[in-house]
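Only one structure is covered here, and it is reproduced in the block below.
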């Protein structure tokens, strides 16, 4: 199975962003209206939530609304306030590499809902990240070397709050350190439970467990998958094997002679690599974020790409993802 991937820059004209939004809006509209338009908040409510909780993003929000055509429904969607349920898998680990700690992660989801865009932007500050929900991010890094990456927290509870991709964007646009990012996540509510791994250029790191509607707990785990302190949704745990993946990754991090290449290789094989694409749980990419070199590496079976703030070159690729489990 082949997956289109593109590295693109969002410039002042918004050309690349507009093209991506036009391509993906049909699917996002279907998702956003999945349980009826009355379930989604009105535009004034969405705008008020952005201005109240993330005022620094308000000018960018207005800009992307203009780029999208300023239709009411698109603007409501772009706020990501009280969106429909959003559940993805993932494994992520922070490893103390010789050159300094790095964050490695798999993103597991359905290919048809994946934008396949790695955007470089310069709104409030330079940010590189994997795009989701048009201007949100699944994982990313800013010019200060702050890295943030999300996973679903394994709980079906939904409460008033924002979709997590927009919070990842907000933190990378406004924070420089892990402590600043923690304060932002504590202040802005998310609509479902998520885990976020944070790493900065000084080597500080945390895993945050975010609760639906607001509230966080801090942890020093090196690895996080798709549960929090305990498994809250056994059926989801049985499908995703979140505890098995976490235990495996934790054991590998302390093995002798670990290298970045060997660690990445583990993420490209079971049990970390997933191939359940029809169940919206297949590995769509492996990313490695290095805050010291401000370097991003992207890996798929047989394909390796690198980019950075100093050498970000627009490019497009068709990469191979496994439609059946790869050999261990």
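Where a number appears in this text, it was derived from the coordinates with a stated rule and is not lab data. Because the structure is predicted, anything quoted here is derived from the model rather than measured. Methodologically, a virtual Cβ is constructed for each residue, glycine included, from the backbone with ideal geometry; neighbour enumeration extends over all protein chains shown.
For 278, 211, which order do you get if you count the other beta carbons within 10 Å of each Cβ and list the fewest first?
Starting with the residue having the fewest Cβ neighbours, the order is 278, 211.
Considering only DSSP beta bridges where both residues belong to the range 89-320, give the percentage that are antiparallel (nearest 5).
95
Starting with the highest mean, order 141-150, 68-77 by the number of other Cβ atoms within 10 Å, averaged over the residues of each peptide.
141-150, 68-77
Given R₀ = 35 Å, what would the calculated FRET efficiency be for residue 292 paired with residue 45, taking r from the Cβ atoms and rounding to 0.05?
0.25
Which whole-number percent gives the relative contact order of the chain, counting Cα pairs below 8 Å spaced six or more residues apart?
21
Would the chain count as rounded, prolate or oblate if I go by the C-alpha gyration tensor, calling it rounded below 1.5 in a/c and otherwise prolate when a/b exceeds b/c, oblate otherwise?
rounded
Take the Cβ-Cβ distance between residue 219 and residue 112 as r, set R0 to 22 Å, and report the resulting FRET efficiency rounded to the nearest 0.05.
0.10
What nm distance separates the two modelled labels at residue 158 and residue 29, each placed 7 Å from Cα along Cα→Cβ?
2.1
Could you work out the helix-only [θ] at 222 nm for the chain, with each DSSP H run of four or more residues adding -39,500 (n - 2.57) and the total divided by the number of residues, to the nearest 500 deg cm²/dmol?
One gets -9000 deg cm²/dmol as the mean residue ellipticity at 222 nm.
Please state, to two decimals, what the Cα-based radius of gyration of the range 11-79 comes to when divided by 2.2 N^0.38 Å (N = residues).
1.12
What's the long-distance tail for the range 152-235, i.e. % of Cα pairs beyond 17 Å?
Cα-Cα pairs in the range 152-235 separated by more than 17 Å: 43 percent.
Give, in nm to one decimal, the length gained when the segment between residue 262 and residue 9 is fully stretched (0.36 nm per residue of separation minus the Cα-Cα distance).
Between residue 262 and residue 9, full extension yields 88.0 nm more.
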